[in-house]
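Take a look at the structure set out below.
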Amino acid sequence: MSQAAGTPVGAASIAELRTPRHDAPAARDNQVIPMLAVADKLTARRGAGVLIAPPHVRLAEMRSKRPLNLFRLLCTPLDPLIVPGHAWRRGSPGIPRSALGPLGRVVHGILGDTAAGFDAAIAGHTSDEQDVVAEVGARLWPRAAEILATVAMPVDWTIATDLKAGDHATLVPAIAALLAQAVSLRRLAARACSGVEPETDELRTMLEAVVPAGPVALAMMVLLLMASLPHSERLIRLADHLASRQDGPAGRAVVDGAIEFVLDKLEDAPSPGPNVAQATQHIRRAAIMLNDLSSRAAHRPVWRARIERVRRKVDSACRERFAIELDAQLLSPAAWLAGGSELEIATLEATARALRRFETTARQIGSAEHYDMLLRRAAEVLRPTATEDASERIDRIRLMEILRGPDAALALLKAADA
Amino acid sequence: MRSRLPWQTTGATSGSALVSTPPSLSALRQLKPVQGFLPTTFLERGVTVPFTTPLLAGARARPAERNHLELIVPCPSGERTVYVLSWDDVVPLCRRTLHDRRLSGAVASLPRLTPAAIRRLAREVATQGLAGRGAAAAARDAEQADEEARLAAKFGLLPALVRQIEPQGENAVPPEAERPDELERRAKRAVELIAPALGCSPAAVAVSLQQIAAAFGGTGIEQGAPSARIPATIAGMMQLRQELGEHAKRHPDDDGPEADLVAGVAGMTTVLASAMLADAHALTGDIVALLRRWMTDPDALTTLLARPDWLLDGWDRICALWRTAESHLGRGPALIEMARLVPLLPPEARDWASQQVDVDTALLRHRRKVARLGDWRTGVTVLDVIARNETLLEHTA
């Protein structure tokens, strides 16, 4: 599963969680799609970046549906690591977006005639077509890894990227090493999705494979694996063990660097808010990540304090966001429940489920009583009225079942039947 | 007073706990699963009840001692084991959806457990709307479709009756080409002609014909009856088998084993079901004999015609899981669930269609996989699974 460029490994910025959605998805898509189409036709990424910056989160949301091209396919395995150029810090395990354009051009140039074959294989497809991404990527990524492992620094590197020559020496071998592992990583992620967690030996093999490319490469691989696995605790232990055997302080600080990257992203700068489903996904990752990191930080008071600070911020943002969304997305529309069409009722039920997903996830971070209180209040608002017909009553009881569970709904049903 | 079971909790529960899965799963794990569950008859295998509570998905009801019922719940961990519970023990085991509480009560009061009876009840409950408006509409549509299938069966029987009874050369127009009102007139005359030979009144023959048509509603009267449910299910399973075969070839390392397993059992089951269907259709080749058989022992014939229904019970859910996989949990988790639900073929099937069936070896080779709820990747919650199960009702009504 690819993540949006600029989206942290398993973390939403607090501002993203706090910001409610105001527009219907379809309307927003209508606005964003033409912009993306223009952006996709632009060859200069800088120009496109300016154009698509305002609806960036919608872009992230829709990224999986964008037309597939060679550059996008090449970068897919690296998505969780990509950060805006201005946000990149030297020595961190992120990849500045500005570096990717020149590297993509290098790969394309050396592929030569072969590039046309790749272009033909992905023509007309979109980046959400996982079979195509996997099939063509399995040919492209190892070849790109070979190319980047030996390529010299492009002459326009510093001008095109605002990076130094030393950054090329650090980043490019690391990217090459990651791309060489992309197929294995993807397979592992797919299996994790279907419930089969990787063996420790598999994880060790993948981590050891990138060690020769330097400590940054190892930290990057840790982050990619974190983004692919349901839990990171075992991975972090393994990476710690591997890092302890590295030469020099940079090698030994690999895991710390990866964790710093994650925590930085959790506290990242403001950006427009995604929809509830996307926010839930981010919270879920944040909750799991915070728990995994907490166990590692048991003997590190400074880290413990920082993790706790992040947790409190995320919790506060979640509470605020839930209260706003509950009212705007469910309770206000439910006032017009009577006479609703089948589609409208189904949409309302889907919204209720999305809010429950958000709440169930957010209470793992904290404030369980607060959510209980809000849900009880919502249930009162949704209580059936005497003037409604049987069908409307059942619609309300179903909403109650989604929000408060079958026991509360049964009590209402009995009261209504009586 | 019943003693408190280990998984029962005391005191108020939070909103989240009201629908959470882990307490139910942990409760189930405290029960002893039945390893190598190999029912010898279809009744022992039980009848699928279309529950929407995730823990009860794919559960089967079967008669127990003293007119009670048992519930056979597939092991949620993905192993080929089951839990056998008394009907009442399900109540503290998990917080059932409102729909399931209604359905469960209705099933418990059934005098006779058959796939047709459960289907009828499930539709009745679904039309109340507790599984959503979509499921209610689908239940009404399915009832209407079955009524049309019964009507089609009736009008399918009439030409065969006329052809067999009407004196040769009496009518130039073949009965199957006749206008409906004229066909009914000729059929009425045929009934009058045959009634004395059957030792009953024409009215009794007409009633028997209606009943036979109803009994043939599921199978249809002849091969290729498109509106009948059994041929449609077989066709759906054959398509499923083909698609799973292609999927297994494309993903040999991922979902291949599950796809192969389901496809293999689907293949065997469709062979058996097609044979039973052909046997049923062959009965209509001699309408007089069919009428005589019906009048002598209607239960025996009803039981015979219900065999494909027993055989295919549970497969509509498996097909629907595959059809809806992309829009819900994805094909990987769907395949794990499908493999878990694949109905065992009891030895009784051999007596029904003289086919050698043994799926157990394949099932034991099946690698255990677990579709995890609550993973950050899938983001699947109990509510999502309930919603998915409600959607399945729309496809299996």
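Where a number appears in this text, it was derived from the coordinates with a stated rule and is not lab data. Keep in mind the model is a prediction, meaning the values are calculated, not measured. Note: ideal-geometry Cβ built from the backbone for every residue, glycine included; neighbour counts use all protein chains shown.
Would it be correct to say that B:E178 is closer than 30 Å to B:H395 by Cβ, out of contact with any Pro (no Cβ under 7 Å at 6 or more places or on another chain) and free of Cβ contacts under 8 Å to residues at least 24 places away in the same chain? Break it down into steps so the answer makes sense when it comes.
Details: closer than 30 Å to B:H395 by Cβ: no; out of contact with any Pro (no Cβ under 7 Å at 6 or more places or on another chain): yes; free of Cβ contacts under 8 Å to residues at least 24 places away in the same chain: yes.
It is false that B:E178 is closer than 30 Å to B:H395 by Cβ, out of contact with any Pro (no Cβ under 7 Å at 6 or more places or on another chain) and free of Cβ contacts under 8 Å to residues at least 24 places away in the same chain.
With the requirement that a residue be within 29 Å of B:A138 (Cα to Cα) and assigned to a loop (DSSP other than H, G, I, E, B), what does the stretch B:50-74 give you?
Result: B:P50, B:F51, B:T52, B:T53, B:A57, B:G58, B:A59.
Check A:D395 against each of (1) touching a Leu at 6+ places or on another chain (Cβ under 9 Å); (2) farther than 23 Å from B:E394 by Cβ and name the one condition it does not meet.
Failing condition for A:D395: (2).
Would you say B:S274 is more than 14 Å from chain A (Cβ to nearest Cβ), of a type outside the set (D, E, K, R) and surrounded by fewer than 21 Cβ atoms within 10 Å (Cβ to Cβ)?
So B:S274 fits the description; yes.
Yes or no, residue by residue, for (1) in contact with a helix residue (DSSP H, G or I) (Cβ under 7 Å, 6 or more places away or on another chain); (2) under 23 Å from A:A328 (Cβ atoms):
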residue: A:R363; (1), (2): yes, yes
residue: A:S367; (1), (2): yes, yes
residue: A:T385; (1), (2): no, yes
residue: A:D389; (1), (2): no, no
residue: A:L413; (1), (2): yes, no
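Show me the helices (runs of 4 or more DSSP H) entirely contained within the stretch A:164-242 in which 2 or more residues are surrounded by fewer than 20 Cβ atoms within 10 Å (Cβ to Cβ) and within 14 Å of another protein chain (Cβ to nearest Cβ). So that I can check it myself, show each step before the final result.
Values: elements: A:165-180, A:182-193, A:200-210, A:215-228.
Answer list for the stretch A:164-242: A:182-193.
One line per residue, one yes/no per condition, for (1) surrounded by 22 or more Cβ atoms within 10 Å (Cβ to Cβ); (2) within 30 Å of B:T127 (Cα to Cα); (3) touching a residue at least 60 places away in the same chain (Cβ under 8 Å):
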position: A:E267; (1), (2), (3): no, no, yes
position: A:H282; (1), (2), (3): yes, no, yes
position: A:I288; (1), (2), (3): yes, no, yes
position: A:W303; (1), (2), (3): no, no, no
position: A:R306; (1), (2), (3): no, no, no
position: A:E320; (1), (2), (3): no, no, yes
position: A:S341; (1), (2), (3): no, yes, no
position: A:L355; (1), (2), (3): yes, yes, yes
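Please determine, by comparing only the residues of the stretch B:105-141 that are over 20 Å from A:I402 (Cα atoms) and among the polar types (S, T, N, Q), which one is surrounded by the fewest Cβ atoms within 10 Å (Cβ to Cβ).
B:S109
If B:V125 satisfies every condition in (1) more than 13 Å from every other protein chain (Cβ to nearest Cβ); (2) part of a helix (DSSP H, G or I); (3) hydrophobic (A, V, I, L, M, F, W, C) but one, which is the exception?
Every condition holds for B:V125 apart from (1).
Name the helices (runs of 4 or more DSSP H) wholly inside the stretch A:327-418 in which the number of residues that are under 29 Å from A:V310 (Cα atoms) and within 11 Å of chain B (Cβ to nearest Cβ) is 3 or more.
Answer list for the stretch A:327-418: A:342-362, A:368-382.
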